[in-house]
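Everything below concerns the one structure shown next.
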Amino acid sequence: LVLIVVAAILGNGLVCLAVYCNSKLRNMFNYFLVSLAISDLMSALFIMPMSIFKTSTDHVIIPKLMCVTWYSLDVLFTSSSICHLCMISVDRYLTLTYPLKYGHSKKKKHTLMKIALVWIISICIAGPLFALTWIDKEPLVNGTDNSRDGISFYLPLLIMTIMYALTVRALRLQVQERRRLEATTTAATTSRSSTATLNIGDNFSKKSSFSSSFRISPSFRRIVFPNQKRKASAPAVASMAAAADCKQDLYCQKVLGILFVVFVACYLPFFALYLVRGVCDRCRPYITVEILVALEWVAYSAALINPIIYHVFNPDFRRTFQQLLRCRC
C-alpha cells in the first residue's frame, strides 16, 4: 500500500512538472490533466496515508474532527476527479458540435475558469457532507459508514457517459465530413491542374469562332498564371490545419476514453457495493469491511494509473518524464 502512495505522488508530481517545464505540453487539454493530477496528488498525500492507518488498526476510535475531515476530503478529491473528466467531456462535445460559438473557449483564461468551476462544484458537494456528518450523533468507528457520497459519483458518471457518447458520435461525423471534403477538393484540384481552357479574343473569335482546350506544362502555367500557386496554397494550408486539429481531437478523445474506462473500472466496484451495503440490510453480512477496504484501494490505484496513460500515449510527456528523471529539465 505504501508503494501505491509513493508511486502516485511521484507520478502525478511528474505530470505537473512536465507541463511546467515543456511549453509543448501547455494546451487546454493538458491543463485539465494537470488539475486532475493535482487532485490525485492531494489524495495520495492526505487521504491514502490515513486510509493505511485506519486499516492497520483494529476498531480504533479516531477523533471525530479528524475522521470527518478525512472523509470530506476523500469525497472532495473523488468528486474532483470525476468532475474533471465530466467537464472535459462536455467541453469537447460543445467545441466539436458548435465550433463557432465555443471555439474561443480554447484560450487559457477560459480553461482556467472551467477548472475553477470544477473545484467549486467539488467543494459544494463535499461541504454539505462535512456538515451533515459533523452533526450526525452516531459514533465514527474506523471510518465513516454511510452512502451519502454516492450521488457525487453516479450523477457525474451519468453525465460523463452521455457526453462521451455524444462526443464520439460528433467526432466520427466530423472526420467523415472532412474526408469527404478532402476527396472532393483533391479531385477538383487534379482536374484543374491537368486541363486548361484558352478562350481566344473577340476579334479572332468572330473570324474563326475558335475555342481550344489543351494541356499545358507546369512551367508554362507558372509563367501565364503566376498567382495560381499562391492561391492554391491557402486551401492546402487550411486542409493541413484541419487535419492537425482532427488528429488532436482524436488523440484527446482516445486519452479521455481510456481515463474514463480506468476511472469507472477502479471506482465502480467500490461505490456499487458501498451503496448496496448502505441500503440493503440483508446484504451487509456478505459485504465485509475487508472487501470494501480492498476495493477502496483499487479505487485509489486510479491515481497511479493516470500518469502511466499519459506516458504511453503522449511522446512529449514521455520525453519530458525521462528528462525529469535524469535531472535534465
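The values are calculated or read from the model by the stated rules, or taken from the named source; none is laboratory data. Here the structure is a predicted model, which means the values were calculated and not measured. Glycine also receives a Cβ, built like all others from the backbone with ideal geometry; neighbour counts cover every protein chain displayed.
Output the residues belonging to the range 91-122 that are β-branched (V, I, T) and at pLDDT 85 or above. Let's see the steps before the verdict.
Going residue by residue through the range 91-122, those that are β-branched (V, I, T) are 95, 97, 111, 115, 118, 120-121.
T111, I115, V118, I120, I121, listed by residue number.
Name the one entry in R282, R277 that is of a type in the set (D, E, K, R) and in contact (Cβ under 8 Å) with a residue 60 or more places away in the chain.
R277
Filter the range 23-46 down to the residues that are surrounded by fewer than 22 Cβ atoms within 10 Å (Cβ to Cβ) and more than 18 Å from the chain's Cα centre (by Cα), then identify the one that is nearest to C83 (Cα to Cα).
Only one residue fits best here, namely M42.
For the range 11-62, enumerate the residues that are closer than 16 Å to I88 by Cβ and among the acidic types (D, E).
D40
Identify the residue in the range 47-70 that is charged (D, E, K, R) and either at pLDDT 80 or above or part of a helix (DSSP H, G or I) (or both) and, among all such residues, is surrounded by the fewest Cβ atoms within 10 Å (Cβ to Cβ).
K64
Need the failing condition index for V6 against (1) at pLDDT 90 or above; (2) among the β-branched types (V, I, T); (3) within 18 Å of the chain's Cα centre (by Cα), just the number.
(3)
Within the range 298-323, can you find the residues that are within 14 Å of the chain's Cα centre (by Cα) and surrounded by 21 or more Cβ atoms within 10 Å (Cβ to Cβ)?
Residues satisfying the conditions are N306, P307, Y310.
Which condition does Y20 not pass, out of (1) modelled with pLDDT of 80 or more; (2) crowded, with 18+ Cβ neighbours inside 10 Å, if it passes all the others?
(2)
Hey, F77 hits all of (1) in a helix (DSSP H, G or I); (2) at pLDDT below 85; (3) not β-branched (V, I, T) but one; which does it fall short on?
(2)
Among the residues of the range 250-263, is there at least one that is among the hydroxyl-bearing types (S, T, Y) and surrounded by 20 or more Cβ atoms within 10 Å (Cβ to Cβ)?
Scanning the range 250-263 turns up no residue that is among the hydroxyl-bearing types (S, T, Y) and surrounded by 20 or more Cβ atoms within 10 Å (Cβ to Cβ).
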